[in-house]
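Below is one structure, written out as structure tokens, with a few remarks after it.
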Amino acid sequence: MPEPVVSIKNFTKTFGNNQVVKDLSFDVYQGETFAFLGANGSGKTTTIRCLLDILQPTSGELLIHGQRYSVAMAKDLGYMPEERGLYVDANVLETMVYFGTLKGVNPMAAKQWSIDYLQRVGLGDKINQKIKTMSSGQQQKIQLGITIINKPALLILDEPTKGLDPLNREVLLSSLEEMRKNGSTIIFITHQMDEVEKLADRLIMIKDGKRVLYGELQDVRESFGENRVHVEFDGLFPVNEKLYRIVTAENNVAELVPVDGVKAPAIFKYLAGSDIEITKFDLALPSLQEMFVAIQQRP
């Protein structure tokens, strides 16, 4: 296994008597898009802030390429916090160029890159407009541009599509996909499970500061627990409480939950020998949205 780009080991963060993150460990590897999930207040943003030395951990290690974050890493890193930070009285182009030079980009290169980026995201006619006159979605595009102007090898985004309309959301996601294809490692916090399904290679989900799910999306879904069998059929659907629980069986479509220890082939064999005619049989893994809701509802 290659060395991780980001490695968090036994990380705990306490504010006074409140333990926000509890013995958290995970790795993020080169070139992958990694989703960091959890309900509000579960400790996601606190973890990122400690990784970037904005806050100090109570215990544990938070490493980038095997080292604690330092200012020298800024030229290869892009971070878009949930709380956006733009100089709203400045105009668009000068703001982007300013932040680009802070990240070590040559001013002329920063200017040309910014113009090209603004054209690509539909803001080419706004380069001399004051930021405060623009919509929140437009400002968010500018914030993303500032975040990626240095073509960061590691990109960390906290709720990047929050508040965006569907069109602007797709523009932003397309920009992330392009970064991914160019080899960037991306960590993103989101509550939009469809974004995870679309973009993420692997994920971690935390609850009350503790890890509850971790790994590749397909593996996580397969290991979650309650898989469901979908059957399309003709006839009167049979009851067999030793093999499955019937969630619904109407209009020639049945949804079943296997009894613990029962696999889908055993159910198929039983139904194939029954009086019904099977026209379709498949195993449906739980969606990430279903998993998220189920975990958050656990005591």
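The listed residues are LYS198, LYS181, LYS210, and the only one of them that is without any contact (Cβ under 8 Å) to a residue 60 or more places away in the chain, of a type in the set (Lys, Arg) and in contact with a Leu (Cβ under 8 Å, 6 or more places away or on another chain) turns out to be LYS198. Considering VAL28, VAL92, VAL21, the condition of being under 27 Å from LEU123 (Cα atoms), in the same structural domain as SER184 (by TED's automatic domain parsing) and buried (at least 18 other Cβ atoms within 10 Å of the Cβ) is satisfied by VAL92 alone.
Quick check on region 29-38. Is at least one of its residues over 21 Å from SER175 (Cα atoms), free of Cβ contacts under 8 Å to residues at least 40 places away in the same chain and under 22 Å from the mean Cα position of the chain (by Cα)? Among the residues of region 29-38, not one is over 21 Å from SER175 (Cα atoms), free of Cβ contacts under 8 Å to residues at least 40 places away in the same chain and under 22 Å from the mean Cα position of the chain (by Cα), which makes the answer no.
Please indicate, with yes or no, whether at least one residue in region 112-127 is among the aromatic types (Phe, Trp, Tyr), in the same structural domain as ASP27 (by TED's automatic domain parsing) and buried (at least 18 other Cβ atoms within 10 Å of the Cβ). Yes, region 112-127 has at least one match.
Select, from ILE115, ILE186, ILE127, ILE149, the only residue that is among the β-branched types (Val, Ile, Thr) and either in contact with a strand residue (DSSP E or B) (Cβ under 7 Å, 6 or more places away or on another chain) or on the phi > 0 side of the Ramachandran plot (or both). That would be ILE186, the only listed residue that is among the β-branched types (Val, Ile, Thr) and either in contact with a strand residue (DSSP E or B) (Cβ under 7 Å, 6 or more places away or on another chain) or on the phi > 0 side of the Ramachandran plot (or both). A count restricted to region 80-124 and to residues that are modelled with pLDDT under 90, more than 20 Å from PRO152 (Cβ to Cβ) and charged (D, E, K, R) stands at 1. If the condition is being among the charged types (D, E, K, R) and in a loop (DSSP other than H, G, I, E, B), then region 27-64 contributes GLU32, ASP53.
Residues checked against (1) over 30 Å from ILE204 (Cβ atoms); (2) touching a Phe, Trp or Tyr at 6+ places or on another chain (Cβ under 8 Å); (3) outside the structural domain of ALA35 (by TED's automatic domain parsing):
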residue: ASP234; (1), (2), (3): yes, no, yes
residue: VAL247; (1), (2), (3): no, no, yes
residue: GLU255; (1), (2), (3): no, no, yes
residue: PHE268; (1), (2), (3): yes, yes, yes
residue: ALA272; (1), (2), (3): yes, no, yes
residue: ASP275; (1), (2), (3): yes, no, yes
residue: THR279; (1), (2), (3): yes, yes, yes
residue: SER287; (1), (2), (3): no, no, yes
residue: MET291; (1), (2), (3): no, yes, yes
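Might you check whether a residue that is touching a Lys or Arg at 6+ places or on another chain (Cβ under 7 Å), basic (Lys, Arg) and within 19 Å of ILE149 (Cα to Cα) occurs anywhere in region 73-81? Among the residues of region 73-81, at least one is touching a Lys or Arg at 6+ places or on another chain (Cβ under 7 Å), basic (Lys, Arg) and within 19 Å of ILE149 (Cα to Cα), which makes the answer yes.
Going by what's in this entry, would VAL171 be described as among the aliphatic types (A, V, I, L, M), surrounded by 14 or more Cβ atoms within 10 Å (Cβ to Cβ) and at pLDDT below 90? Yes. Among the candidates GLY60, GLY85, GLY41, GLY16, the residue that is surrounded by fewer than 20 Cβ atoms within 10 Å (Cβ to Cβ), more than 26 Å from the chain's Cα centre (by Cα) and either assigned by TED's automatic domain parsing to the domain that holds LEU144 or over 22 Å from GLU195 (Cα atoms) (or both) is uniquely GLY16.
The values are calculated or read from the model by the stated rules, or taken from the named source; none is laboratory data. It should be emphasised that the depicted structure is a prediction, and the values quoted were computed from it without experimental measurement. All Cβ positions, even for glycine, are placed from backbone atoms using ideal geometry, and neighbour counts span all protein chains on display.
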